[in-house]
Amino acid sequence: MKLDYIRRWFNEHSRAGDLAAVGILTILWALYFWRVLTPIAANQVSLPPGDFSGQFVAFGAYQARRFHSGQIPLWNPFNYGGHPFLADTQSAVFYPPRLVTIFVSQWLPNGFDYSALQGEAIAHFWLASLFMYHYVRIITRSKIAGLVSAITVTYGGFLTGYPPLQLAILEAGIWLPLGLLGIYQASDIEQPSRLQSLAWLSVSGFAMGVSLLAGHPQTSLFMAYLLIAYILYRGVSEHHTLLWIILALGSVLGLAFGIAAIQLLPGIEYTRLTTRADISIDQLANGFPFSDIITAILPNTLSLWSPLYSGITSLVLAGIAIWQQVRSARFWGITALISLGLSFGGATILFTLAYLLIPGFTLFRGQERFAYIIAYSVAILAGLGTLALLNGRISQIGPLSKALRLAVFGAWALTIILFIISRVLPTPDLDKSLRASSLFMILLTACWVLMRRGISQVNQVWWPAALIILIIFDLFSVTMHTNWQPIPASARQLTTDLVPVALEDEGLFRVDGRLGLGANYGTMVGLQDIRGISPLRLATLDAYLKLPQYRLHQILAVKYVFTDWHQLEVPGSIRAKIEQNGQTWYLHEITDPLPRAWMTYTVMDTSDRGQALGWLSDPGFNPQQVVILSKQPDLQLPQQAPQDSEVKIVSYAPEKIELEVNTPTDGVLVLSEMDYPGWVAAVNGHPVAIWQADAGLRALPLQAGRYAIAFEYRPISFTIGAITSVLSLILSLSLIGYSIMQPRKDRVLGIRT
């Protein structure tokens with residue numbers, strides 16, 4: 001059957017052809033993740049515990065509890081001694097697919113759990129394939145090219161590597177093709193009106209905004225860099241005016257920021273108060289070692305992940321696109337090369353130039369994550385190379401065949417050499433390299449045969465089918481088992497058996513869960529932990545964690561300590577002891593922990609934070625009797641502390657704490673909660689200013705009397721962000737709706753074939 005017939009059918013039945021392509025991508029997705037989707041427990045696999053469980057499952061479970069209770073999770077008291085949950089970008093509180101997962105989890109047997117979030121993760125691979133297919137299908141007018149690019153990026157080494165474990169990277173990254181599509185369509189309209197351009201540019205802004213809501217700002221920043229470059233490229237190549245380019249840049253970035261403002265504004269406020277606020281160039285300069293370039297053709301030889309691997313056949317197709325100078329291939333080739341140079345971090349001069357010249361570049365570590373841009377660039381180039389072959393643009397097969405033949409001979413020689421060496425000096429590393437080299441040899445040989453024997457028959461149906469099958473065989477063979485472990489998600493035990501013992505105590509207390517609870521599992525199970533693994537933590541808390549442990553436990557009102565130590569520095573008792581995973585864990589109960597709130601009647605004052613922390617470290621300092629403030633309050637403090645003061649916590653909720661205080665003399669109320677912008681206080685219904693106590697807690701100077709006191713978390717950044725996001729979303733949807741409502745002949749969102 002001739003491919004021309006298929007093409008005609010696709011053109012006459014474009015929608016049916018696209019549905020067929022979507023069906024193929026869906027079947028491939030189900031095949032790739034069949035061991036996740038199967039109901040047979042013996043065959044099930046799951047992602048390993050780590051960041052996926054300790055960060056994202058834990059945070060997602062908290063989101064689900066709060067949303068199902070009709071509450072917005074602005075504050076989280078269960079990790080880091082309390083921190084602004086919404087402002088921690090990786091919480092992804094308002095990320096739309098997360099909201100869908102939380103909504104659906106109401107009807108799941110175990111609610112929002114490991115399986116629910118794992119389902120969300122693999123669903124993003126399906127979305128990634130659809131977005132990439134649609135973009136490349138539009139720019140090439142070829143469904144086959146769209147399939148090639150979609151399969152390449154979805155199942156290549158980058159997306160299937162560490163992004164599923166660091167879920168925010170995966171979820172922030174897949175929206176790139178949708179952003180590119182909006183820019184392409186906005187710049188491709190003949191004699192467009194500004195409103196028509198805005199309709200498509202709003203699609204790009206929406207995609208960028210959703211990426212920001214997914215919670216990995218670095219990935220979204222890389223996406224922003226690429227969208228800006230693409231706007232400039234399309235504006236110049238399509239001969240648009242400077243005004244159009246400025247309009248495009250402003251509308252995409254403005255709508256993106258506006259849609260994500262509900263998360264961004266609190267996040268910016270939080271970040272400047274965290275340990276990430278001041279990072280040197282040396283801390284940012286890490287990236288790939290140069291040796292990792294070999295994983296582009298020999299995957300899994302240097303590490304478990306090979307983020308630079310896009311498949312041998314796809315790499316050949318990308319080379320064809322550049323060789324044949326397919327339209328836009330130069331842009332994507334240059335993009336891939338610049339990104340590769342930046343991915344090496346400080347090892348090249350590109351990093352220094354970017355650090356000095358590019359806004360936002362100074363904020364993030366891990367320059368190897370530029371593999372994200374490389375992966376998408378190579379996948380798009382593979383689609384363009386496929387288009388060149390299908391359109392018969394290669395009139396002379398000789399140079400291509402010769403280049404591939406030389407590469408095949410080199411692959412065979414490398415494999416033979418590695419085989420001989422492995423027999424003489426057998427090592428696991430050599431065996432790994434031999435397996436990778438053998439696969440490289442097989443794939444390159446198959447690609448050579450396909451190009452040499454079939455290039456004259458590209459109009460036959462078998463040829464593009466064989467090409468796609470070869471790409472699937474390549475990528476599925478290399479990446480299908482990356483990360484996945486043969487343990488059902490339902491069988492994952494994330495916490496130790498000490499947790500139920502601590503939960504038996506129904507009082508208000510904190511735990512130190514560094515050993516035996518760990519990660520952010522305090523948030524998941526509902527134990528107020530002073531530690532956590534979120535990348536962002538308050539600098540004040542970081543300073544506290546460097547204090548002597550007994551003092552840390554005092555000022556943060558810790559009652560239980562999870563540890564592998566048999567004895568603490570302060571009086572206590574062992575509540576429970578278990579043996580788990582070859583390790584002995586203890587749950588200690590401190591005999592006389594400090595309460596969550598207390599009155600003090602002696603003030604030491606200093607505006608020097610270092611001096612305040614030094615006083616706290618002094619073994620003779622008693623935080624229950626003395627408070628450190630930045631200045632002396634306007635009070636008549638007694639010479640001796642009264643014995644009959646009373647402090648009672650009436651109610652405790654994440655965003656609101658109510659107390660009753662009775663003090664016979666003037667004094668200072670200290671609340672063992674982290675001081676943070678957005679918390680407001682009222683004494684007997686009258687607003688008062690919150691003081692910072694002991695270099696990080698909250699305090700209120702009080703005159704003698706009886707008081708009803710309320711602390712509430714009402715961040716203005718959330719209010720402004722929410723209003724901005726709602727208005728931006730309405731604007732974006734209105735523009736898209738306007739386009740959809742146009743008559744078909746003028747419809748901006750129609751697919752050009």
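Residue-wise test of (1) of a type in the set (Phe, Trp, Tyr); (2) surrounded by fewer than 23 Cβ atoms within 10 Å (Cβ to Cβ); (3) in a loop (DSSP other than H, G, I, E, B); (4) not assigned by TED's automatic domain parsing to the domain that holds residue 91.
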position	(1), (2), (3), (4)
171	no, no, no, no
211	no, no, no, no
215	no, no, yes, no
222	yes, no, no, no
243	no, yes, no, no
267	no, no, no, no
| Within segment 341-365, restricting attention to residues that are touching a helix residue (DSSP H, G or I) at 6+ places or on another chain (Cβ under 6 Å), in a helix (DSSP H, G or I) and not hydroxyl-bearing (Ser, Thr, Tyr), which residue is modelled with the lowest pLDDT? | 361
| note | Flagged in segment 487-531 as more than 19 Å from residue 557 (Cα to Cα) and of a type in the set (D, E, K, R), in numbering order, are 492, 497
| request: Determine, yes or no, whether residue 118 is of a type in the set (S, T, N, Q), in contact with a Leu (Cβ under 9 Å, 6 or more places away or on another chain) and either closer than 27 Å to residue 537 by Cα or assigned to a helix (DSSP H, G or I) (or both). | output: yes
| message | Out of everything in segment 45-77 that is surrounded by fewer than 21 Cβ atoms within 10 Å (Cβ to Cβ) and more than 23 Å from residue 267 (Cβ to Cβ), what residue ends up being nearest to the chain's Cα centre (by Cα)? | response | 50
| said: Residue under question is residue 21, and the condition is that it be small (Gly, Ala, Ser), crowded, with 19+ Cβ neighbours inside 10 Å, in a helix (DSSP H, G or I) and touching an Asp or Glu at 6+ places or on another chain (Cβ under 9 Å); does it hold? | reply: no
| field | One residue from 563, 584, 540, 606 being over 36 Å from the mean Cα position of the chain (by Cα), of a type in the set (S, T, N, Q) and not assigned by TED's automatic domain parsing to the domain that holds residue 52 | value | 606
| So, of the residues in segment 718-753 that are among the polar types (S, T, N, Q) and at pLDDT 90 or above, which turns out to be nearest to residue 19 (Cα to Cα)? | 728
| note | If you go through 102, 72, the only one that is over 24 Å from residue 173 (Cα atoms) and β-branched (Val, Ile, Thr) is 72
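Each row is one residue, and each column tells you yes or no for (1) under 22 Å from residue 17 (Cα atoms); (2) modelled with pLDDT of 95 or more; (3) in contact with a Pro (Cβ under 7 Å, 6 or more places away or on another chain).
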| site | (1), (2), (3) |
| --- | --- |
| 125 | yes, yes, no |
| 151 | yes, yes, no |
| 162 | no, no, no |
| 182 | yes, no, no |
| 197 | no, no, no |
| 220 | no, yes, no |
| 224 | no, yes, no |
| said: Taking the conditions exactly as written (buried (at least 21 other Cβ atoms within 10 Å of the Cβ), over 23 Å from the mean Cα position of the chain (by Cα) and assigned to a loop (DSSP other than H, G, I, E, B)), does residue 307 satisfy them or not? | reply: no
| Could you list, in sequence order, the residues of segment 29-81 that are assigned to a helix (DSSP H, G or I) and in contact with a strand residue (DSSP E or B) (Cβ under 7 Å, 6 or more places away or on another chain)? | 62
| task | Just need a number here: residues in segment 113-134 that are crowded, with 22+ Cβ neighbours inside 10 Å, of a type outside the set (A, V, I, L, M, F, W, C) and either in contact with a strand residue (DSSP E or B) (Cβ under 8 Å, 6 or more places away or on another chain) or within 18 Å of residue 145 (Cα to Cα) (or both). | result | 4
| With respect to residue 379, is the statement that it is at pLDDT 90 or above and either under 15 Å from residue 328 (Cα atoms) or part of a loop (DSSP other than H, G, I, E, B) (or both) true? | yes
| query | Are any residues in segment 81-113 hydroxyl-bearing (Ser, Thr, Tyr) and modelled with pLDDT of 95 or more, and if so, which ones? | reply | 95, 101
| Any hit, segment 247-264, residues being without any contact (Cβ under 8 Å) to a residue 24 or more places away in the chain, assigned by TED's automatic domain parsing to the domain that holds residue 72, surrounded by fewer than 20 Cβ atoms within 10 Å (Cβ to Cβ) and not in a helix (DSSP H, G or I) | no
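The values are calculated or read from the model by the stated rules, or taken from the named source; none is laboratory data. Remember, it's a predicted structure, so these values are computed and weren't measured experimentally. Neighbour counts run over all protein chains shown; Cβ positions are idealised from the backbone, glycine included.
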